[in-house]
1. Just want to confirm a number: the relative contact order over the chain, from Cα pairs under 8 angstrom separated by 6+ residues, in percent.
2. Quick one: with all protein chains in place, what share of the accessible area of region 272-389 is carbon or sulfur, to the nearest percent (1.4 Å probe)?
3. Given a 1.4 Å probe and heavy atoms of the protein chains only, how would you sort 318, 501, largest accessible area at the top?
4. Once you charge only the Cβ atoms, +1 for Lys and Arg and -1 for Asp and Glu, what is the size of the charge dipole of region 237-341 about its Cα centre, to the nearest 20 debye?
5. What figure in square angstrom, to the nearest 10, would you give for the accessible area of residue 404 with a 1.4 Å probe?
6. Need one value: the accessible area of residue 290 in square angstrom, 1.4 angstrom probe, rounded to the nearest 10.
7. Residue farthest toward the positive end of the dipole of the chain, with Cβ of Lys/Arg at +1 and Asp/Glu at -1: which of 176, 54, 474?
8. Count the lysine pairs in region 550-618 that are 8 or more places apart or on different chains: how many have C-alpha atoms under 18 angstrom apart?
Amino acid sequence: MEIQRLFQLRGIIMKYKKNIIFAVLLGVIFILFASCSSSNLNISSYEYRPKEKSLIYSADGELIGQLYNENRTYVELDKIPKHIQEAVIAVEDSRFYSHSGFDIIRLIKAIFVDIKEREFKEGASTLTQQLAKNLFLTNEKTITRKIKELLLSLQLERKYSKDKILEMYLNEIYLGQMVYGVQEASLRFLGKDVWDLTLAEGALIVGLAQAPSAYNPVKYFDKAKKRQEIVLDRMAAVGNISKEQAQQAKGEEIKILEKKDNGFRGKYKEGHQHFVNKVVEQLIEYFSERIVKSQGRDIDREEIEKLALYEIENGGYKIYTTLNQAIQGQALIAMKNGIKGLGVIANGALVSIEPSTGKVLAYYGGVRDIDMANKPRRPGSTIKPLYYAGAINEGLINGNTIVLDEPADFNGYKPKNYGNKYFGYVTTREALVNSLNVASVKIMNYLGVDKALEYIKGYGISTIAKEDYQLATGLGGMTHGITPLELTSAYGVIANKGWYKEPYFIEKVENSNGDIIYSVEEQGLKTEQVLLEETSGQIEDILIDVVSRGTGTSARLSYYNGGKTGTTDNKKDLWFVGFVKPIVTTIWLGNEDNLELNGGSSASAKIYKNYMNNILKNQLIKKDELQPVTNYQDILTISILLPDRDIQQMEEINEEDIADIII
């Protein structure tokens, strides 16, 4: 009898197997539902803000950088073609406008399929549920996640209109190749804005959503095309389009971009990496300060910077910079051509600044990841004009002051001229024009080391170490050195009538609403008079002679321009800093490992010349204040009585009592 009852019970269980399993499943779902409902899934205070990339523009309006965590450009629904809206609803959620967040019919069907297959195989998510998952959850395949997804979708439906949910979905969805949303996918795969897509193109983009990697049209166009045809057939089946329209769209030729050729290398335009990084550094500092103020409590610095970077990469900001794209383009050409022949290890940096404002017009940090435009290097003789100008400013010397250029001992420090060649009595002008080391050290000694370094700091040089308070610094023998950026700014003082203007990179930042949240006025940029205008005029005139007939002749232009060469021991650093009134430029050549290069500082001067000639040829700077060259050798030789002779006690003047000097 007992066995008979067991067989009867087994028969009942087998007969109502599906019903029993379904009831048990519903019970489990109910328990999980109640558990999830009590958890923290309330989004009543949530405000949707898309993770939208920030864009960096040059001063002439060209896109030079993109900052993002998810590569997305948000577009409103009215800019997305109706056929794309209809296509995604047709294949993903045909009852979208009638359900309240989940589709009960699809849900029940999916449950039975999953029971039969004994795995989570059948998807039943509506567009709203998919959006909820993308915004709040992960991709894990569990009942708990599905219930959370359902609960969140119900809340989204109460919070937003159907059109808004559809708009959010079309912008949030991942479509492959690291792009999110239909606009960015349209640009990546088809090279056009989403609002310009045809029915055939729109169906292709929508088809990617099901399996972005599998349907990647760049790698698997045939698969993407078959999926597109399924989308078109589905649109015809639900009445969005006719069968004839579907067939016509299927026959339309679609051209896929193999590679988006926009001159970008990842997130930045080729050759702009280091400038973009400088912009990001400044933005992180700005947003970090905002975060600290808003939090009102102490936060770990590393955590603050992570939050700041997240805000930059997801906030949809537009950053307008000082970079002149046309000038930057000439910089890249000049550096690429100029490094040839210097050896495979050669690297270089170029910085151009508008001295009257401090705007960074061009910025190139080299061929590798290290930004050599912002890395201190020993400046060689390019440091000399900075303390020469200080001595002139203090009234200690002028361009015609006589100095004896001969071997000298400064308490054990014995500087030598290049090639051990000495010129005897020379003017300070000639000492700088010919970059005479001993004469220059005498001038720094006359000014005083402390005073000389005080002036050098005043030019904006921030890399002076306590060990640099010595005469060897006068020949560039510094502990750390000077960055090309700061050296450019320092020479800007000479070109700008003695006024220092702190260099800057960002003009303004706008939020996604177009409001200016950060501008140059808020940066607290330093402006200070370092030299008298008369002093800057004198040192400028001497530096014009350096280019016209001294060590910088390789940098000659058709207009008078000033500049100074610099070379460190074993040719590890090859410098030239040159200027005309509208633009100051530093060229540095070398490498990160301090290895010797093939060539001298004339290589840097030649790069400067080619760069400036192209700038002038293309009229990229104003020529109002430029003076055409009429004579490179504008000199006068005079004979003077040697300073150690006393004419009052001399019966006659002999040849050995006289020196010929150039003024």
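The values are calculated or read from the model by the stated rules, or taken from the named source; none is laboratory data. Bear in mind the structure is a predicted one, so any value in this text is a computation, not a measurement. All Cβ positions, even for glycine, are placed from backbone atoms using ideal geometry, and neighbour counts span all protein chains on display. Each accessible area value is taken on the protein alone, full model and side chains, heavy atoms only, with ligands, DNA and RNA left out. Shrake-Rupley method; radii C 1.70, N 1.55, O 1.52, S 1.80 Å.
1. Numbers: 1170 pairs, mean separation 80.2, N = 663.
Here the relative contact order equals 12 percent.
2. Numbers: 2300 of 4680 Å².
With neighbouring chains kept in place, the figure for region 272-389 is 49 percent.
3. Working: 318 85, 501 60 Å².
The ordering from most to least exposed comes out as 318, 501.
4. Numbers: 17 positive and 16 negative charges, 85 e Å.
It works out to roughly 400 debye.
5. Spelled out: residue 404, probe radius 1.4 Å, area about 40 Å².
6. 100 Å²
7. The residue sitting farthest along the positive end of the dipole is 176.
8. 10
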